[in-house]
Amino acid sequence: MKILVKAIAVVGILAMVSCNESSTPNYQFFPNMYQSVGYETYSESAAFNNGVAAQLPVDGTIKRGWMPYEVANTAEGKIFAKDSLVSPIKSTEKNLATGKELFGIYCTVCHGKKGKGDGGLVKSEKFLGVPNYKDRDITTGSVYHTIYYGLNSMGSHAGQLNENERWQVAMYVSKLKADLTK
Amino acid sequence: MKQVKHRNSTSKVLGFCLAVMLAFSTSIFAQGDPVAGKALFNSNCAACHKLDKKMTGPALRGVVDRIDDKDWLYSWIRNSAKMVKSGDPYAVKIFAEYNNTAMTAFPQFSDADIDNILAYTSAPKPVSKVAVASIGSDSSDDGVSVDIVLGLLALILVVLAAMLFMVTKTLGNLAKQAGVEVEKTDPIWKRFVKNQFLVLVSVIAFMMFGAFHVFGFFMQVGVDQGYKPVQPIHFSHKIHAGDNGIDCKYCHSNARVSKTSGIPALNVCMNCHKTITEVAPETADADYSKDFYDKQIQKLYKATGWSESDQAYTGTPEPVKWVRVHNLPDFAYFNHSQHVTVGGVACQKCHGPVEEMEILEQHEPLTMGWCINCHRDTNVKTEGNEYYTKIHAELKKKYGVDQLTVAQMGGLECGKCHY
């Protein structure tokens, strides 16, 4: 009798402790139904030599719908982009609206809402050297080039924005520059 | 002869002056205004230069001590490429040292502007504050005082119990001495068993209590609400999304366009942390010191294979084994872009106030009932969606409502999420 009570107490305490543990995941009813047999995005996988499911595309292949950007990341490439790169999409209201939305996500935090170089990170002096678009000699083409490769402290944003979105943002930046120089 | 002597002394005086000027060249440049210089530096130079650390360009604190030729600095800042072309040996050396990257020309700067900037770069390095660590003691004081109160209470209880025991013992002794017969009764549990009604009631109560807890236990199996794993790099969403106001989608850009929200690739971190090599002193708080956070940035450099001294990648990255927090069972389909881009649902609706979380945890249960409740309550944004105009109009007519909920659009059908 006494042993039974003790056993119940121990099991009860263990159960309570294990329920309160927030750094380990909970039990599952049927783990087979929860966990995929195939590998999940970003999971570890023995199917590949380096042990991760996230693989780079095979050399010489491209993703469907993705076009390589052939202007090189050099000073000459930048001049070329500035002078002769033209947006393949039209500067419609819809494209500018999307551009504005994307600018708000990816650019505002440093460049500021209007492109004056006064974003939140600049104001708190965490990220410096962000120019006012007004002071820089930029075109839609050169903005596209800069989004793709980054420039000085600014990193490449090609991974976060696809080709179409990069052009929409570049267009919106040109509009901001036009508004600022007005 | 006399004249010659005179000239000699003049040249000596001039030479002495020059020597003094060179020796105190810093102070000569410091005639500029360092405050105005700071503003100019921050908006024009800081993209490539830091005062005390090498970046795209060299560290600039005390640059006038390294280069005492003011005119050289003027022409370099206004157009460095021209100087490299003209074959100035120091210019060519610097150009080659920094990966043949030409410095942006600043022809718009006046002499005074440049003097101001140089005055700023000549300012002595401020002494770093180490005071933040001491804040921690306040909270531990609270802990101690609570402990003391609890300890005192326990002590009082023990004393009371001891007193009760002694009182009964003394009373028993007194009774014995006085020869009073204490009536013997059954022990309490025997009397309890004899009372059938009490037994019935307590059995029912016990069963209901048990059933409640067993039911509760089984209902929470498989639910990870509050799951808060320790991550290999202590990434604080509070600092990034909260204090610095970086949009969720800056890093989780896949949430806009893909089924998975994605773990940001480390190059997204490096977009900022190439430049931000340590946290600001005000970022540290009582729980986490500046030193602790700086170590996390170093972990990032190790994982990406970034060498701070060379300002280049070594090419040997180490993947970070992030621990997944939100994980739906394999038999439920969920698409982020459908909710974020099409539905316009805020991230916080399902993930809770992530911008306040120092350590990320699962805020919502993510059970099927929870999904369904939201589908029943949420209206579909039909305005401006030409693609669905016809079906929206017909469904509205069918249900006789102005606003369609997700459920009325078919958001409760099994096959929407399970197939």
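Side notes on the structure shown:
- The residues of segment A:144-170 listed by number as losing at least 20 Å² of accessible area in the complex, against the isolated chain and with a 1.4 Å probe, are A:152, A:153, A:155, A:156, A:157, A:160, A:165.
- Viscosity 1.306 mPa s, temperature 10 °C, Stokes-Einstein D of segment B:162-206 from Kirkwood C-alpha radius, µm²/s: 119 µm²/s
- Considering only alpha-carbon pairs that sit under 8 angstrom and 6 or more positions apart, the relative contact order computed for chain B is 14 percent.
- Ordering of A:57-63, B:148-154 by burial proxy (mean other Cβ atoms within 10 Å per residue, highest first): B:148-154, A:57-63
- Loop sites here are GluC sites (Glu not before Pro) outside DSSP states H, G, I, E and B with no more than 11 other Cβ atoms within 10 Å. The longest part of chain B free of them is B:184-382.
- Here segment B:283-322 and segment B:341-358 have alpha carbon centers that stand 27 Å from each other.
- In this structure chain B gives 66 Å² per residue of accessible area when probed at 1.4 Å with all protein chains present.
- The residues of segment A:13-122 expose on average 74 square angstrom of accessible surface per residue, using a 1.4 Å probe on protein heavy atoms.
- Kirkwood-based Rg to Rh ratio, segment B:24-95, C-alpha trace: 0.96
- Rounded to 0.05, the FRET efficiency of the residue B:173 and residue B:263 pair, given R0 = 60 Å and the Cβ-Cβ distance, is 0.20.
- With the simple model of a label 7 Å out from the Cα in the direction of the Cβ, residue A:97 to residue B:53 spans 4.2 nm.
- Gain on full stretching of the segment that runs from residue B:192 to residue B:356 - 0.36 nm per residue minus C-alpha separation: 53.7 nm
- Principal axis dimensions, the protein assembly as shown - Cα atoms, whole angstrom, descending: 140, 80, 51
- Restraint check, A:175/B:53; B:321/B:416; A:123/B:54; B:54/B:228; B:125/B:295, Cα-Cα greater than 26 Å: A:175/B:53; B:321/B:416; B:54/B:228
- Both chains summed, the buried accessible area for B and A stands near 3800 Å², from protein heavy atoms and a 1.4 Å probe.
- When the protein assembly as shown is described by a simple charge dipole with +1 on each Lys and Arg Cβ and -1 on each Asp and Glu Cβ, the residue from A:99, B:362, B:185 located farthest towards its positive end is A:99.
- Alpha-carbon centroids, segment B:38-76 and segment A:65-98: separation in whole Å: 32 Å
- Straight-distance crosslink candidates among aspartates and glutamates, where the alpha carbon sits under 18 Å from residue B:249 and sequence neighbours closer than 8 are dropped: A:101, A:163, A:165, B:355, B:356
- At least 20 Å along the helix axis (C-alpha) and Kyte average at least 1.0, DSSP helices within chain B: B:136-178, B:196-220
- Solvent-accessible surface (1.4 angstrom probe) belonging to residue B:341, in square angstrom, nearest 10: 80 Å²
- Mean separation of Cα contacts under 8 Å (6+ apart) over length of chain A, as relative contact order %: 18 percent
- Dimensions (Å) - chain B, Cα atoms, principal axes, largest first: 140, 88, 42
- Within the accessible surface of the protein assembly as shown, defined with a 1.4 Å probe on protein heavy atoms only, the carbon and sulfur portion equals 63 percent.
- Sparsely packed loop sites in segment B:347-419 (the trypsin sites (Lys or Arg not before Pro) outside DSSP H, G, I, E and B with at most 13 other Cβ atoms within 10 Å) comprise B:381.
- Compactness ratio for segment B:246-368: Cα radius of gyration over 2.2 N^0.38 Å (N = residue count) comes to 1.23.
- FRET efficiency estimate (nearest 0.05) - Cβ-Cβ, residue B:165 to residue B:389, R0 51 angstrom: 0.05
- Cross-link pairs beyond the 25 Å C-alpha cut-off, checked among A:94/B:396; A:90/A:113; B:238/B:274: A:94/B:396
- Our estimate of slack between residue B:399 and residue B:328, defined as 0.36 nm per intervening residue step minus the Cα-Cα distance, is 22.4 nm.
The values are calculated or read from the model by the stated rules, or taken from the named source; none is laboratory data. All figures in this text were calculated on a predicted structure; none of them were measured in a lab. Cβ atoms come from the backbone with ideal geometry, glycine included; neighbour counts cover every protein chain shown. What goes into the accessible areas is simple: the full protein's heavy atoms, side chains included, and nothing from ligands, DNA or RNA. Shrake-Rupley method; radii C 1.70, N 1.55, O 1.52, S 1.80 Å.
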